[in-house]
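Comments concern the structure below.
The values are calculated or read from the model by the stated rules, or taken from the named source; none is laboratory data. This is a predicted model, so every value here is computed, not measured. FYI the Cβ positions are ideal-geometry reconstructions off the backbone, even for glycines, and counts take in every protein chain you see. For accessibility, only protein heavy atoms count, side chains too; no ligands or nucleic acids. Shrake-Rupley method; radii C 1.70, N 1.55, O 1.52, S 1.80 Å.
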Amino acid sequence: MKKFTLLLFLFLTQQVLAQVRTTITGKVTGPDMRPLAGVTVEEKENKNGTSTKEDGSFSLAVSNRRAVLVVSYVGFGSKEIPVEGRSVVDIQLQSSNQQLDQVIVVGYGTTKRENLIGSVAQVSGQDLQARPVTQLTNALAGQMPGVSVLQRTGQPGMSGGIINVRGVGSFGASSGALVIVDGIPGTLNDIDPNDVETISVLKDASSAAIYGARAANGVILVTTKSGKQGKIKISYNGYVGFQKPSAFPEYVNSADYAALFNEASNSTSYTAQDIQKYREGSDPDNYSNSNFLKTVFSKSGMQTAHNFSVSSGTANTFYNLSLGYLFQDGLVVKNHFNRYNVRFNVKTTLSSKLDLTTRISGIKTGDAEPNGPTTFGTEATGVLFIINQAVRYPSIYAGKLSNGYYGTGVVQKGTPVSFLESDSYNKNNGINLNANVRLDYKILEGLKLSAIAGYNEINNKRTEFKATQVINANITLSPNELTKITNSTNYYTVQGLAEYSKKFGKHQVGALAGYSFESNYFEQMSAFRNNLPGNELQQLSVGAPNNQQSNGTANEWALESFFGRVNYSYASKYLLEGVVRRDGSSRFPSTRKFAYFPSAAVGYRIGQESFIKDNFSWINELKLKASFGILGNQNIPNYPYQNVYNIGTAYNYPFGSGISSGVARTTITDPNLHWESTRTTDVGFEFGAFKNKFNFSATYFDRYTYDILYSPGGSVSNTLGFSLSKQNTGKLSNKGWEFTLVHNNIIGKFSYGVNANFSIINNKVLDLGVGNINQPNGLVGNGSTLFNGYPMQIYYGYVADGIFRDAADVAKSVIQTAINPTPQPGDVRYKDISGPNGMPDGKVDATYDRVVLGSNIPKYTFGLNLSAGYKGFDVSMLLQGIAGVKNYMNSYAGFAFFNFGSIQKWQMEERWTKDNPRSDAGYPRLEQISNSGTPNTLLSSFWVLDGSYIRGKNMQIGYTLSKAAVKKAGVSSVRLYASGENLFLISNYRKGWDPEVGTNSIEESNSITASGSYYPILKNFTFGLNITF
Amino acid sequence: MKSKFINIKAFVLVTLVLFNSCRKDLDKSPLDQFNSTSFWTSENNALLALTGVYRGSISVGAPNANATDWWSYAGLVFMEFSTDNAYDRRGDNSVFNKLTNGTLTADNGLLSQYWTSSYLRIARCQDFLANIDKVSMDEVKKKRMIAEVRFIRACQYFYMSQFFGSVPLVTSLLTKEEANDLNKAPKADVVNFVITEFTEAANNLPRYKDIPAAEFGRASKQAAIAFLGRIQLAEGKYGEAAATYKTIIDFGDNQIDPDYVSLFTVAKETSSEHVFSVQYMENLAANAMNQHFWPAMVGGWHIFCPLGSIVEAYDFNDGTPFSYTDPRYNWRDISNNRDPRLKYNVLFNEQPFKIKYVTHPDSASSPDQLGAGKQTTQTGYGLRKFLDEGYSGDLSNYGGNLPVIRYAEVLLSYLEAKLEAGQTVDQSLLDATINKVRGRASVNMPKITQLNTALLRNIVRKERRVETAFEGIRYWDLLRWKIADQVLKGDFYGTPFPVSIKPIRQKSTIVDPYKRWYVTSKSFRAATDYQWPVPQSEVNINPKLK
């Protein structure tokens, strides 16, 4: 009863206080205590606001003395300050990025930055919102140390970057980070950047261990926006812009091509008259000068995105509703991507102890692309094929003839011109529906139970149509064919959590226990018919009945986990944390399903000790931290240990007049397969000084991965006759440093910020298990792609020693015949590295003269974000880059006359010729190169190039209209901005090629890949508007 | 307080229901693959596995320029590119060309393709043989299946022994550790294994005539015996080879087909002349031979470019050797007065295949113009064998079978074996063998009557070359006759174009008297090229294999 009285009293006091209208005065200063003018000060409840005068002072009438003030200023974000009955409120603003009280999202909860021990990088939605990127991943490039984002393609709808957290953590299992969206595993793709509240990346063992099983390569936590206390807030953010390719290879014209072809084929295939006709262009049907790449990339693709959101928060209900739309036109005709997003987050207080949070989101995506011609086989698929052919086809081939027919191209199936004019297309439509509910029950003071259920359904429909097309009087591409593919993924999870947190004097204790079960089912069906009469009707039943084919498959996985975390801090000075997780996966045999993943971390905020506080008052923060833990990885196909007989069309064989079904065992599996594990050690410090104007942090990490889930196919002799499923074999190390430096300052009305991050990663294979083969040259490894002591994704080849100048040069050279049986002037000269006695033996061969030429994994990654603001203006620039990385320039990109391909200008200009026989020529003598290469195209340092670059990832200039001006229109803020993505690139790479696109990723082999298959990264220029009502 | 308990109860209840209903077993099994432990239970399943053995890694439905299997068309007929019969349109740097022109290296991609596909088939055979005993089924059928699998495995070692020579002789399932630690077996061991296997397989295989139409394509006794004859012939066991081939002839199940042209199209694909062939079927297991073989003017990729050498090997139709100086020679129609098989096998400038095939270097508007850097003939000649003029569908969707061993080869090999064994060769033997081949209705070349051993050897070898041209056995013949270093040496030419505006391609300053288009030069190295090196990729992993 006593208690009740007290409560009643407090309640009444509140009511009384609440009803007193009062005027608050105060002064706003920056971190340097100088007054700030033009700072917006609003009452949170009703958006009633004012801005500060020249001397930083303000005066605001608020509805009651328990009001909360929202203070915001460009470059400083916003800060909420409860009035708490005061009438004078002086406010000091800190820069927005490094506020000590910043809340960091961590696994299953949040923490204040000051209490954070693990290595967690976080970006706020604000930093991403204004970026005109189509995929959220690309907005993360260069933002966080240790988080490398490489965008390998600019293809609309597929342009998500590849994220690696602290290097590449496995050479077997996929090393992608685990993405958790609002507590549910998901993907970053297709999330509307406007919906993002924060993105956290958990990098070290202690912070990620709570997600043990899948956390070895980092965890990315995305939190979407929910409503905030206050009146209805309506925002619009939209932009429109256009895009261009960031790099574009240049090809020679047809006259030059003809002359160079004669040189390459050592013939007079083209007479002087022919070449003259090519140059004149008077007979374009027979003597064309096409530029297929230009034809293909003829568009300046438009890109536009719009987002509306409505949010509000009242006593019992907070909600945020967001609607987004994106349209991205490709650079190629018929190639575009669109996306609709809807997200509704609502939090309801059911009773004083029960909270219900419901999050529902839907994403609808659609993309379309031109398709390759029919009868060209399965590789002739999609826009990448068309680009690949445009890269390949020399200018002498006619696109369209004067009689309306098409040129037949290299392989009689037409050219990119006819491909684009055909009725062929591919279309994808996807729907991704996600719902999750969370019930929080505050059972006792400090103790909360939560039940979470999430469901995700992804449906995709794909239509592939290859049309009948008349190329000329004798060649009609026929029959047409239609394939329809549908698939669906059903995922659900249930989770239960118990959280406890309590403060006893200076002791803060927290505990978390949880359980989670996840299950996923995927199903796909496809149906095929061909010979549809005409190209107009495009449904299956229209096709001829005699060749109908259908296929279907399904797979499933499940994961069960128990986890717990305890943390303790004393006086916010000594911090301790321990986590353990037990995970069971359907991907491992019953005796090996479960494994424990423990971790521990300690932190010491030495800056809080009086001997520092008292002697170095300019130090705001100095924290030492260390963590250690073991994390797991199971990113492998679903049935890696079962011994099976495969069934499918690849095993059928026709006996008599019918087809017989066949099966085959193709793979050897490991019945004792178990988790891949990574042991991570992390030590570092954080330092803040001069009122946190400067913040610096450094972290050293050592990730040791063992029992790697690897298919050692490249390390086992083909005499085995089977491929190998995943085995636990091998050990790998990723060690490195991460640094961040943040500086924010304000001088009068001018504010600026520098945010730099830099990481060093040393990736090293330690042990290959079954692939540990002692090579005669002393290396231990599989002899082609992996060696102990070297990084992964290496290029293993010969060292080029220039070009043979002339016959005399050839004659005096070390013997090359083992790899180049008939060396000629103009050929690449390979270096004699070693021999059977460990010394150069005068001849070059595969056994002794290949070395590791470098790796495709960048050793250094860095990002630099510069920003400044003056009154309403703000500008920012984000630079991002990598260094210590090699790319392999081969195939159509690297070689002239490759597989009847064309020749680029740099190849023409830099080639060795008889008339200009330079031993330092940038390209060897011209020759016709078949798809299996020549002695000059062997994997060597001649083609393995420095892939380092610095890229202007984003530059932006914005203007925020003055509050006073927009207020009359009933608008609370308006910002206009112009933004450019990928504006410039500095690199040493070959002209016309973007090193970030690189060559195709190399996994198991260094064979010549079709690296002409690419979609250039897009530059774009956009103009945007952001309005909040 | 009561409501609080209800809350807790409700919460716990909901949670428990949720978790219990969801907590399923974490044991998941593949939904579309057979579990190996329960697979070997029925005859039907054994047949499924047998079918998988026959399929090997033959690719279907799409053009494949890689030798995915000895019996893929690219693995078999493309071998002609390594000989004096044909030139690979892809040029001097084509992997097939490099096998024999003096630039063979261990990283030639073909080596690992053949190597890998052989051991893949061998492993499939091994797996079948290790498990078939678990199946309770009709013993005769089981024996037949086992014999078929042993036949297919022996074929792999036959090819391996003939091209690589000494290779690891794997006869059981391996572990990965064992596979990485193999030694090469001496060639003689491999050969002996092959002979034993073919001999024993033949015992349990049904005769050609006893294989029902629905099973056409499965191995017959004759197929195993014909392969046995091949290895005996290659290893100089001529007496045994003669006896082996005799058994096929004595069975009388196989006949020379009167129609030479249709024999290589879908029309006559089940002719009894085909002792063994790779089976294809439109739509569901088609090949893309048409795509690769057809000339450019009708949409093909024209990969096959016959060389002048084979064209010149066909006699005049009276049986006298061809000569450019003979008055019967007409450059505008080189098939005039010639062995009709020339026209059946080779397409010439100005000859029709659906429409006119034009390769003359002056014909700028022709897709098949020679020497203009186009993806078409590099010799002026095109392939005519295998081309089905009646076909009009997708060129990658052809159902015609690919002959592996024809009865014509059996007859010629029998004669060769008798001849080389020093056994009696008389006119009746010639009439029963070479003259049957030459004398088929559509060929009708004059009878051979030469009985002098040395002269007849040349005749038999030439007959074999012109009869089986482009079927993929010339390379093997050149190796086993040990004449590759003479034959694959020097300059090779294509079509003669005595009249042209554009200069005819010539080798540096050498002017060809007949104005033939210069194609390439070869210099087969006798010391190294009779045997392929073990692929570099395999030596990388197991240096003992070098």
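Observations, loosely collected:
- For the condition out of contact with any helix residue (DSSP H, G or I) (no Cβ under 9 Å at 6 or more places or on another chain) and under 24 Å from residue B:411 (Cβ atoms), residue B:270 does not qualify.
- Some residue of segment B:507-515 being within 14 Å of chain A (Cβ to nearest Cβ), among the small types (Gly, Ala, Ser), part of a loop (DSSP other than H, G, I, E, B) and open to solvent by 60 Å² or more (accessible area, probe 1.4 Å): yes
- The set of residues in segment B:349-368 that are within 19 Å of residue B:311 (Cα to Cα) and open to solvent by 10 Å² or more (accessible area, probe 1.4 Å) comprises B:349, B:350, B:351, B:352, B:358, B:360.
- If you filter segment A:826-847 down to residues that are open to solvent by less than 40 Å² (accessible area, probe 1.4 Å) and not small (Gly, Ala, Ser), you find that the one that is farthest from the other protein chains (Cβ to nearest Cβ) is A:832.
- Residues within segment B:41-63 that are more than 7 Å from every other protein chain (Cβ to nearest Cβ), within 32 Å of the chain's Cα centre (by Cα) and in a loop (DSSP other than H, G, I, E, B), tallied: 6
- In segment B:233-267, the residues that are of a type in the set (Asp, Glu) and more than 21 Å from the chain's Cα centre (by Cα): B:240, B:250, B:253, B:259
- Which listed residue, of A:637, A:671, A:712, A:654, is out of contact with any strand residue (DSSP E or B) (no Cβ under 9 Å at 6 or more places or on another chain), within 14 Å of another protein chain (Cβ to nearest Cβ) and either buried (at least 22 other Cβ atoms within 10 Å of the Cβ) or over 30 Å from residue A:866 (Cβ atoms) (or both): A:671
- Residue pairs meeting the criteria (Cβ under 9 Å; at least 6 apart or on separate chains; first open to solvent by 40 Å² or more (accessible area, probe 1.4 Å), in segment A:523-541; second aromatic (Phe, Trp, Tyr)): A:538/A:465; A:540/A:528
- Annotation: residue B:204 fulfils all but one of (1) within 14 Å of chain A (Cβ to nearest Cβ); (2) over 23 Å from residue B:402 (Cα atoms); (3) open to solvent by 30 Å² or more (accessible area, probe 1.4 Å); the unmet one is (1).
- When residue A:503 is tested against (1) open to solvent by less than 20 Å² (accessible area, probe 1.4 Å); (2) out of contact with any strand residue (DSSP E or B) (no Cβ under 6 Å at 6 or more places or on another chain); (3) more than 14 Å from chain B (Cβ to nearest Cβ), only condition (1) is not met.
- Elements of the type strands (runs of 3 or more DSSP E) sitting completely within segment A:903-991 and holding at least 1 residues that are over 24 Å from the mean Cα position of the chain (by Cα) and within 14 Å of chain B (Cβ to nearest Cβ): there are none.
- Residues located in segment B:391-418, provided they are surrounded by fewer than 20 Cβ atoms within 10 Å (Cβ to Cβ) and in contact (Cβ under 8 Å) with a residue 24 or more places away in the chain: B:391, B:393
- The set of residues from segment A:365-415 being at negative phi, touching a strand residue (DSSP E or B) at 6+ places or on another chain (Cβ under 8 Å), in a loop (DSSP other than H, G, I, E, B) and hydroxyl-bearing (Ser, Thr, Tyr) comprises A:374, A:381, A:395, A:405, A:415.
- Residue B:96 fulfils the conditions (1) open to solvent by 10 Å² or more (accessible area, probe 1.4 Å); (2) in contact with a strand residue (DSSP E or B) (Cβ under 6 Å, 6 or more places away or on another chain); (3) more than 8 Å from every other protein chain (Cβ to nearest Cβ) except for a single criterion, (1).
- Among the residues of segment A:588-618, those that are surrounded by 16 or more Cβ atoms within 10 Å (Cβ to Cβ) and assigned to a strand (DSSP E or B) comprise A:594, A:595, A:597, A:598, A:599, A:600, A:601, A:602, A:603, A:604.
- Screening the candidates A:920, A:874, A:915 for the property of being more than 30 Å from residue A:54 (Cα to Cα), touching a Gly at 6+ places or on another chain (Cβ under 7 Å), open to solvent by 10 Å² or more (accessible area, probe 1.4 Å) and of a type in the set (D, E, K, R) yields one hit, A:920.
- Candidates B:141, B:209, B:184, B:134 - the one that is closer than 18 Å to residue B:533 by Cα, more than 9 Å from every other protein chain (Cβ to nearest Cβ), in contact (Cβ under 8 Å) with a residue 40 or more places away in the chain and surrounded by fewer than 24 Cβ atoms within 10 Å (Cβ to Cβ): B:184
- Restricting segment A:501-521 to residues that are among the charged types (D, E, K, R) and assigned to a strand (DSSP E or B), the residue that is nearest to the chain's Cα centre (by Cα): A:518
- Residues located in segment B:516-546, provided they are away from chain A (no Cβ under 11 Å) and free of Cβ contacts under 8 Å to residues at least 40 places away in the same chain: B:527
- When we screen B:26, B:48 for residues that are more than 30 Å from residue B:116 (Cα to Cα), of a type in the set (A, V, I, L, M, F, W, C) and at pLDDT 85 or above, the only hit is B:26.
- A single member of A:578, A:629 is farther than 18 Å from residue A:672 by Cβ and buried (at least 21 other Cβ atoms within 10 Å of the Cβ), and it is A:629.
- Leading residue by the ranking (least open to solvent (accessible area, probe 1.4 Å)) among those in segment A:727-759 that are modelled with pLDDT of 90 or more and of a type in the set (D, E, K, R): A:738
- Filter pass, residue A:115 being under 30 Å from residue A:577 (Cα atoms) and at pLDDT below 75: no
- All conditions but one from (1) away from every other protein chain (no Cβ under 13 Å); (2) more than 24 Å from the chain's Cα centre (by Cα) apply to residue B:165; the one that does not is (2).
- Checklist (1) more than 10 Å from chain A (Cβ to nearest Cβ); (2) touching a Leu at 6+ places or on another chain (Cβ under 8 Å) applied to residue B:101, failing item: (1)
- Condition met for residue A:761 (touching a Gly at 6+ places or on another chain (Cβ under 6 Å) and over 30 Å from residue A:35 (Cβ atoms)): yes
- Qualifying positions in segment B:238-285 - assigned to a loop (DSSP other than H, G, I, E, B) and within 14 Å of chain A (Cβ to nearest Cβ): B:269, B:270, B:279, B:280, B:282, B:283, B:284
- Which listed residue, of A:39, A:71, A:62, is modelled with pLDDT under 80 and either surrounded by 14 or more Cβ atoms within 10 Å (Cβ to Cβ) or among the charged types (D, E, K, R) (or both): A:39
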